[in-house]
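Worksheet: one structure, shown below.
The values are calculated or read from the model by the stated rules, or taken from the named source; none is laboratory data. Keep in mind the model is a prediction, meaning the values are calculated, not measured. Every residue, glycine among them, receives a Cβ derived from its backbone with ideal geometry; neighbour counts consider all protein chains shown. Surface accessibility is based on the protein's heavy atoms, side chains included, excluding ligands, DNA and RNA. Shrake-Rupley method; radii C 1.70, N 1.55, O 1.52, S 1.80 Å.
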Amino acid sequence: MIRRPPRSTLDRSSAASDVYKRQILLVNFGGLETSIDIINILGEKVYNIFEGVIQSDYLEINNLRARIKKDGIYFVRAASSSNKSFTKKIILN
């Protein structure tokens, strides 16, 4: 029996991710000053992916594996200047 990964759902009002492809999709953060960070399980910032104003209403972040070298549980946190935030857990192994 072949098991396939679950499909991601796209909620146009927030964000969705496809952990199997190691990508994060942010929707409706356009025009906002936003900081996107990778946080480890201890709450320490490991990597800053993006800092600035997102120009479009859609931002896709690919290839997270290239930015994080160690296996483990991480969180991708996006926070905007208008108190809009999003956190997604990712597991790398």
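Values for this structure:
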quantity	calculated
The one condition in (1) at pLDDT 50 or above; (2) loosely packed, with under 15 Cβ neighbours inside 10 Å that residue 22 fails to fulfil	(2)
From 73, 39, residue being at pLDDT 85 or above, surrounded by fewer than 14 Cβ atoms within 10 Å (Cβ to Cβ), in contact with a Lys or Arg (Cβ under 7 Å, 6 or more places away or on another chain) and of a type in the set (Val, Ile, Thr)	73
Search result, residues across region 45-58 that are open to solvent by 40 Å² or more (accessible area, probe 1.4 Å), farther than 14 Å from residue 25 by Cα and either touching a strand residue (DSSP E or B) at 6+ places or on another chain (Cβ under 6 Å) or not polar (S, T, N, Q) (or both)	45, 46, 47, 48, 51, 53
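Here's the yes/no breakdown for (1) under 12 Å from the mean Cα position of the chain (by Cα); (2) over 12 Å from residue 26 (Cα atoms); (3) loosely packed, with under 13 Cβ neighbours inside 10 Å; (4) in contact (Cβ under 8 Å) with a residue 24 or more places away in the chain:
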site	(1), (2), (3), (4)
43	no, yes, yes, no
60	yes, no, yes, yes
86	yes, no, no, yes
93	no, yes, yes, no
